[in-house]
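Quick note: the coordinates plus some simple rules give every number you see, no bench work behind them. Computed from a predicted model, the values in this text were never measured in an experiment. Glycine gets a Cβ as well: all are built from the backbone with ideal geometry, and neighbour counts include every protein chain shown.
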Amino acid sequence: MQNNPKAIHAEYLKNLSIPEFNEMQIAVIEKAVTFNNLMLLAPTGSGKTLAFLVPLVDRLNEAVSGVQALIVAPSRELSLQIEQVFKSMKTSFKVTCCYGGHSMRVEQNSLSEAPAVVIGTPGRLADHIGKQSFDTNSINLVVLDEFDKSLQMGFHRELAIIFKALTGKQNHLLTSATKLDTWPEFLPFKKPDTLNFLKDQAESKLELNLVKTKSDYKVETLMRLVAGFNQEVCLVFCNHRDAVDRISGLLAQHKMEHGTMHGAMEQIDREKNLIKFRGGAHNTLIATDLASRGLDIPEIKHVVHYQLPPQQESFIHRNGRTARMHANGKAYLILADDETLPDYIDKSLKEITVTNKLHLPPLPNFVCLYISAGKKNKISKGDVVGLLAKKGGLQGDDIGLITLLDFASYVSIKRSLVKDVLAKIKNEKLKGIKVKIEVAN
């Protein structure tokens, strides 16, 4: 409930270091003034999070003490990303993020003094509703982010529990990267107003390449292909966790820096690998489809399908990690001699060959440092920069991405300077706190 929305929106952009809203975000913000139920169809990486957060905050009322808005996202990573963007906007409203692998008690304590906004995964939100951790009667807006993904992942039961607990009078804002043919029965509406920006996907310039190999040498072929990218950012997709682990093991044997991501990993390990990937300490990430949508990861130069997904929709979302918003990108399909291309792929693909000799790429330019203090210790990014510059002797260009968690911080610095910096700051305190600083494991 704001008197001068344009001025406040400009402040959000300033806080986020974004020059202006894009066309899609402007359309959503303008439409949201009058909507009851709105569906946003837009490709991955187009800025959907900010598109729904701005109108959401516009609707929040300082005078209301209960939970006013609920944001449901299909994964922990996406929930945390939304929370990070919300906090970076620097509004006056409290937010709580709820997800599996996080302490239920900590979340309940946070919810006991009702935040204006609750963000979470379907399963964890359903658990909190079952335990009556917060009152749902004051919720007047529900955002279903990556709604098609939540349905695809089988969260129907959990979403039905959430909607059963609501008054039914709330407004809804849904986002999706694909059109929905049918609407689940638990939704209190059948056909929302729709803003469709999916047409932009057809204009991207994605080059598809086919790499054929013998089945016994498939992993080695992948390794030689990735090594040939020479540290250009690369995302390798697998259908199964064991394939991710198998590839990781081979790359580790050859001391090729990389990260992994799949559902069986601990949340903190997934989070650390994403931090390293975003910060350039890893330029290769091997993952299941968990990384195909919603995650805040950098523009990807190369997408490699080590295993092809059975559905075309998954294939499209994987490729959506590159060639975003009219940019160029390349995707590679590695096909063993005992495999066939699925029907949804054009059989006239350009075939390329991979060198038979492994040429190891240079190490990434950055290394990720771990610091044993974070937001809950009142540490800011400025504090981290101050320590590294004043005590470590680093210049601005030597310091990369800084990520603050509750009780830990991560910062990327140039690899060539790591040894010297660690020696200089070994016994230094950060904001009066004695901290451990080391290369992140």
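Assorted remarks:
- Extension gain for residue 106 to residue 439 (0.36 nm times residue separation, less C-alpha to C-alpha distance): 117.0 nm.
- Computed from backbone phi, the HN-Hα couplings of the range 113-120 come to 9, 3, x, 6, 10, 10, 10, x Hz, rounded to whole numbers (Karplus: 6.51 cos²θ - 1.76 cosθ + 1.60, θ = phi - 60°; Gly and Pro given as x).
- Highest mean packing first, where packing is the average number of other Cβ atoms within 10 Å per residue, the peptides 147-158, 374-385, 334-345 line up as 147-158, 374-385, 334-345.
- For the range 6-75, the average shadow cast by the Cα convex hull is 6.0 nm², which is a quarter of the hull's surface.
- Calculated SAXS-style log₁₀ I(q)/I(0) at q = 0.12 Å⁻¹ - the range 203-323, Debye, Cα scatterers: -0.39
- Taking 318, 415, 105 and counting other C-beta atoms within 10 Å, the order from fewest to most: 105, 415, 318
- Kirkwood radius for the range 1-154, taken over all pairs of different Cα atoms as the inverse mean of 1/r, rounds to 16.0 Å.
- Rh by Kirkwood over Cα pairs, then Stokes-Einstein D for the range 325-426 at 1.002 mPa s and 20 °C, µm²/s: 121
- Taken over the C-alpha atoms, the range 142-261 has Rg and Dmax values of 21.0, 58 angstrom.
- Exposure proxy ranking, count of Cβ atoms within 10 Å, fewest first, for 277, 407, 35: 407, 35, 277
- Share, in percent, of DSSP beta bridges within the chain that are antiparallel, nearest 5: 20
- Residues in the range 329-341 carry Karplus couplings, in order, of x, 10, 10, 10, 10, 8, 10, 7, 5, 9, 10, 10, 6 Hz; the curve used is 6.51 cos²θ - 1.76 cosθ + 1.60 with θ = phi - 60°, and Gly or Pro positions show x.
- Note, ³J(HN,Hα) from phi for the range 259-269, Karplus 6.51, -1.76, 1.60, rounded to Hz, x at Gly and Pro: x, 10, 7, 7, x, 7, 6, 5, 4, 5, 5
- Around the amide H of residue 335, modelled in the peptide plane, lie the amide H atoms of 211, 212, 213, all under 5 Å away and 5 or more residues distant in sequence or on another chain.
- Cα-centred dipole magnitude for the range 270-419, charges only on beta-carbon of K, R (+1) and D, E (-1), debye, nearest 20: 960
- Rotationally averaged projected area of the range 110-188 (alpha carbon convex hull; nm²): 5.2
- For residue 172, distant residues with modelled amide H under 5 Å away: 37, 38, 142
- Over the chain, dividing the summed -39,500 (n - 2.57) contributions of all DSSP H runs of at least 4 residues by the number of residues returns a 222 nm mean residue ellipticity of -9000 deg cm²/dmol.
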